[in-house]
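A.B. asks: Handing you a structure now.
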Amino acid sequence: MASLNVGSLGEYLREQRRTAQLSLRQLADAAGVSNPYLSQIERGLRKPSAEVLQQVAKALRISAETLYVRAGILDEKERVELETRAVILADPSINERQKQVLLQIYESFRKENGFETSGTEESGDAGHDEHDEQKQTPSS
């Protein structure tokens, strides 16, 4: 099953590389990997690490999470959740407190609809600690 995912990944990478009008050598140089290694990935002979996939995604200007799904490292549902979180966290028009509140609301809706969330406790705790500090500060 892993080789199937790797083959699918290789075909997808080749398609993305051609769409970007890059040669194998150009993509390898841009991603900081060897030309033969990238060729083996495209042919489904090698399974790259998440770090290599991230470098290739950056060079292709595509989502690393998409490559993680293709490689079998990440589940499609996890990818959607991670991308949603990344968009919220990257939005320069809202401050950090607002981002945390928005993430908490997003997580509560996912829970309400029966979806597990990854990192829920981490985001939730960060928001609670912030509120606890705010409650303690005025009384000091």
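A.B. asks: If you take the beta carbon distance between Ser34 and Glu11 as r and set R0 to 22 Å, what does 1/(1 + (r/R0)^6) give as a FRET efficiency, to the nearest 0.05?
C.D. replies: Computed FRET efficiency for Ser34 and Glu11 comes out at 0.65.
A.B. asks: By its C-alpha gyration tensor, with a ≥ b ≥ c as the square roots of the eigenvalues, how is region 67-117 shaped: rounded for a/c under 1.5, else prolate for a/b larger than b/c, else oblate?
C.D. replies: Here region 67-117 falls in the oblate category.
A.B. asks: What is the extension gain from Arg18 to Gln98, computed as 0.36 nm multiplied by their sequence separation minus the C-alpha to C-alpha distance, in nm to one decimal?
C.D. replies: 24.8 nm
A.B. asks: Can you list the trypsin sites (Lys or Arg not before Pro) in region 47-76 that are in a DSSP coil and have 10 or fewer other beta carbons within 10 angstrom?
C.D. replies: Here the trypsin sites (Lys or Arg not before Pro) that fit, given the DSSP loop and packing criteria, are Arg61.
A.B. asks: Over the Cα atoms of region 1-91, compute the convex hull volume and normalise it per residue, giving Å³.
C.D. replies: Spelled out: Cα convex hull of region 1-91, divided by residues, is 88 Å³.
A.B. asks: Would you mind counting up the charge near Leu67? Only other residues with Cβ under 13 Å from its Cβ, with Lys and Arg at +1 and Asp and Glu at -1.
C.D. replies: 0
Rule-based calculations on the coordinates, nothing more; no lab input. Since this is a predicted model, take the numbers as computed values, not measurements. Heads up, the Cβs are rebuilt from the backbone with ideal geometry, glycines too, and the neighbour counts pull from every protein chain shown.
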